Amino acid sequence: MGEALAAVQKHGVGYVLIVDDGRPVGLMSEREVLMKIVARDVKYDEAVDTYMSHDPETLTLKDPIALAIQMMNEGGERNIPIVDDTGEAVAVLRTVDIIHFLAEAFPAQVMNLPPRPHQLIPEPEGA
């Protein structure tokens, strides 16, 4: 487990994907670290599979972004492994990746949103 924590810290992405023979078998995110490890008497030489999420749901490179959003919304996951046609992990899709995708695909709509959807600005900026 110490190696997994070091990988999360080193790469600063908030997760580490656990693979077996190239296939995703688990994912250890900041959520698992906070909920299962921090402030507990955990030995860093314990096996990572004690603390990781097992058998994560995956997507393929051909799946639509809408499916990823649905999985994240319904399942609460924030990191979804992407696998190729053979089932081997090739990437991890993060919530922030989807946000960046939407902001780049629809910049005017994103940039013109008020701070809160129900909040309306009474006067245009600069008035």
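The values are calculated or read from the model by the stated rules, or taken from the named source; none is laboratory data. All values reported here derive from a predicted model rather than from experimental measurement. Don't worry about glycine lacking a Cβ; one is built from the backbone with ideal geometry, like all the others, and counts go over all protein chains shown. Just the protein is used for accessible areas: all its heavy atoms, side chains included, with ligands, DNA and RNA removed. Shrake-Rupley method; radii C 1.70, N 1.55, O 1.52, S 1.80 Å.
Determine, yes or no, whether Leu59 is under 26 Å from Phe101 (Cα atoms) and out of contact with any His (no Cβ under 9 Å at 6 or more places or on another chain). It is true that Leu59 is under 26 Å from Phe101 (Cα atoms) and out of contact with any His (no Cβ under 9 Å at 6 or more places or on another chain). At pLDDT below 90, of a type in the set (Asp, Glu) and open to solvent by 100 Å² or more (accessible area, probe 1.4 Å): does that describe Glu123? Yes: the conditions hold for Glu123.
In the set (1) hydrophobic (A, V, I, L, M, F, W, C); (2) without any contact (Cβ under 8 Å) to a residue 24 or more places away in the chain; (3) closer than 26 Å to Glu3 by Cβ, the condition left unmet by Leu27 is number (2). In the set (1) part of a loop (DSSP other than H, G, I, E, B); (2) free of Cβ contacts under 8 Å to residues at least 12 places away in the same chain; (3) open to solvent by less than 40 Å² (accessible area, probe 1.4 Å), the condition left unmet by Gly87 is number (2). Checked against (1) part of a strand (DSSP E or B); (2) open to solvent by less than 40 Å² (accessible area, probe 1.4 Å), Ala103 passes all but condition (1).
The set of residues in segment 46-64 that are open to solvent by 60 Å² or more (accessible area, probe 1.4 Å) and in a helix (DSSP H, G or I) comprises Asp49, Thr50.
Screening segment 1-44 for residues that are among the basic types (Lys, Arg) and open to solvent by 100 Å² or more (accessible area, probe 1.4 Å) and picking the one that is modelled with the highest pLDDT gives Arg23. All told, Lys43 meets the bar of being part of a loop (DSSP other than H, G, I, E, B), more than 28 Å from Leu102 (Cα to Cα) and out of contact with any Leu (no Cβ under 7 Å at 6 or more places or on another chain).
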